[in-house]
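Heads up: the structure comes next, in structure tokens.
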Amino acid sequence: MHDFKYVGRTLYCEGVTVESLVKKFGTPLYVYSEKTLTDHFNKLDQALAPMEHLICYAIKANSNLAVLRTLGRAGSGFDVVSEGELRRVIAAGGDPGKCVFAGVGKTEDEIRFALKQGIYSFNVESEAELHRIDRVAGKLRKQAPVAVRVNPNVDAGTHAKITTGTYENKFGIAFEEIEALYARAAKLKNIRLRGLQTHIGSQLTDVKPFEKAVTKLVPLVVRLAEKYGLEFFSIGGGLGIVYQPALASGAETWWNQPEAKGILNPALYAQRLLPLLKPVSHLRLLLEPGRFIAGNAGILVTRVEYVKRTGKKNFVIVDAAMNDLIRPAFYDSYHEIVPLNKRGGKLISSDVVGPICESGDYFAKDRPLPKVGEGDHLALLSAGAYGFVMASNYNTRPTPAEVLVQGKRAALVRKRQTFEELWSGETVPTWLK
Ligand SMILES: *Cc1c(COP(=O)(O)O)cnc(C)c1O
């Protein structure tokens with residue numbers, strides 16, 4: 001998170017004070033750094049340079065059109081999981097020919113749309129889906145490019161809700177069944193076997209599970225590539241990021257460290273995986289990172305409304321809530337929280353909570369924070385991935401605005417929802433009128 005930093009006591013995003021964005025756009029407010037987005041993309045791209053590759057940014061992490069445009073310009077392809085996401089990529093000027101379509105539940109309509117747009121590949125998750133794609137492609141007189149997602153049964157050692165590469169979960173086809181499936185798929189007239197895909201989980205901070213999966217899969221890819229003329233091997237996404245200062249060593253502002261020690265970073269990732277991928281270096285390597293690119297490129301800014309002391313606790317009640325950022329409630333995740341104006345003084349153990357009527361509506365518990373009061377602003381860091389995209393209107397709260405910063409410039413890239421928009425699709429039936 002190199003482009004959110006204090007200059008003196010003031011928090012900046014690139015060349016702009018976050019305070020000035022709050023004045024202009026209000027809160028709750030998502031702020032993204034364009035430079036951080038491209039830096040993350042370029043770092044990964046450069047680390048993988050020794051091998052022919054395509055990075056397909058997983059847009060479910062953050063699908064704002066401005067974010068997609070930024071990454072498309074940097075040369076990124078896209079990993080989409082719905083027709084809506086594919087339409088977003090197109091709306092942002094992205095190339096469908098650089099898109100892979102993932103997900104266990106693709107409908108016929110979605111498959112038809114993706115085929116017409118000429119996507120690079122479907123990442124197929126079941127044999128039934130393979131037959132459906134074959135049928136839809138036949139009707140359109142097209143050849144459907146596919147890669148089957150193999151489940152290598154490797155434990156990514158991450159949170160249960162984001163582990164995907166073991167036989168406990170719904171994703172992919174078991175390792176032992178893949179070769180027989182490719183043999184059957186090769187007989188389907190409208191299917192073109194183009195690659196093999198895997199994705200073992202999200203927020204991996206250790207390279208070992210990746211090494212295990214790649215080591216296990218490479219001999220299989222060699223055999224399948226030879227037999228069926230595969231073009232690519234996709235090793236999915238899942239690269240984790242630093243959320244918590246305790247993971248970094250000795251830095252005052254941990255997120256300004258170029259690379260926190262011991263944490264997975266592009267150089268380490270490439271250094272350990274590229275040698276293992278040598279036997280398939282004649283293929284194109286695909287990567288589908290989401291969080292790694294967007295996570296630390298965004299913050300959520302919120303206003304302190306009340307500070308409430310009960311017998312036991314100090315509650316800091318803010319104007320953002322779980323409907324704006326659900327990660328703490330959903331995954332027990334940690335977000336660093338800092339004031340826009342750095343201050344000294346004693347730290348107070350605080351619970352930072354939103355106004356929603358749920359005990360799950362909190363951002364931090366027993367967190368040492370500087371003393372804040374009504375009207376102060378706080379930034380929740382590392383909120384660029386799985387933040388806005390998971391926002392809802394629970395408690396009839398409009399979704400927040402999003403701003404993109406580039407150098408000294410800032411642009412509103414999504415306006416705050418209005419109240420009228422919240423119920424604009426609703427009608428009262430005639431018999432109630
Ligand atoms: C979610 C997902 C990704 C991206 O995961 P990150 O942890 O954000 O990198 C990539 N590929 C597939 C198939 C996914 O489901």
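The values are calculated or read from the model by the stated rules, or taken from the named source; none is laboratory data. Given the structure is predicted, the values throughout are model-derived calculations rather than measurements. Glycine also receives a Cβ, built like all others from the backbone with ideal geometry; neighbour counts cover every protein chain displayed.
Structure notes:
- Residue satisfying condition, being over 20 Å from Asp3 (Cβ atoms), surrounded by fewer than 19 Cβ atoms within 10 Å (Cβ to Cβ), outside the structural domain of Gly237 (by TED's automatic domain parsing) and away from the ligand (no atom under 16 Å from the Cβ), within set Gly97, Gly15: Gly97
- Restricting attention to the stretch 293-309, the residues that are more than 18 Å from Tyr12 (Cβ to Cβ) and at pLDDT 95 or above total 9.
- Yes/no for Gly84 being without any contact (Cβ under 8 Å) to a residue 40 or more places away in the chain, surrounded by 17 or more Cβ atoms within 10 Å (Cβ to Cβ), assigned to a helix (DSSP H, G or I) and not assigned by TED's automatic domain parsing to the domain that holds Ala401: no
- Considering the conditions (1) more than 16 Å from the ligand (Cβ to nearest atom); (2) of a type outside the set (D, E, K, R); (3) in contact with a strand residue (DSSP E or B) (Cβ under 9 Å, 6 or more places away or on another chain), Gln203 is excluded by exactly one of them, (1).
- Of residues in the stretch 190-222 being free of Cβ contacts under 8 Å to residues at least 60 places away in the same chain and out of contact with any helix residue (DSSP H, G or I) (no Cβ under 7 Å at 6 or more places or on another chain), the one surrounded by the most Cβ atoms within 10 Å (Cβ to Cβ): Pro209
- Conditions (1) touching a helix residue (DSSP H, G or I) at 6+ places or on another chain (Cβ under 8 Å); (2) assigned to a loop (DSSP other than H, G, I, E, B); (3) within 30 Å of Pro400 (Cβ to Cβ); number of the one not met by Met51: (3)
- In the stretch 147-158, the residues that are within 15 Å of Tyr182 (Cβ to Cβ) reach residues that are within 11 Å of the ligand (Cβ to nearest atom) and hydroxyl-bearing (Ser, Thr, Tyr) with C-beta atoms within less than 9 angstrom, at least six apart or across chains, in these pairs: Ala147/Ser234; Arg149/Thr198; Arg149/Ser234; Val150/Thr198; Asn151/Thr164; Asn151/Thr198.
- Selection of first residues in the stretch 285-296 that are within 12 Å of Val67 (Cα to Cα) and within 6 Å of the ligand (Cβ to nearest atom) and of second residues that are in a loop (DSSP other than H, G, I, E, B) and not aromatic (Phe, Trp, Tyr), restricted to Cβ pairs under 8 Å at least 6 apart or on distinct chains, gives the following pairs, ordered by first then second residue: Gly290/Asn62; Gly290/Ser202; Gly290/Gly237; Gly290/Ala385.
- When Tyr167 is tested against (1) away from the ligand (no atom under 16 Å from the Cβ); (2) modelled with pLDDT under 95; (3) not in a loop (DSSP other than H, G, I, E, B), just one condition goes unmet, and that condition is (3).
- Residues (crowded, with 19+ Cβ neighbours inside 10 Å and within 16 Å of the ligand (Cβ to nearest atom)) located in the stretch 347-399: Ser382, Ala383, Gly384, Ala385, Tyr386, Gly387, Phe388
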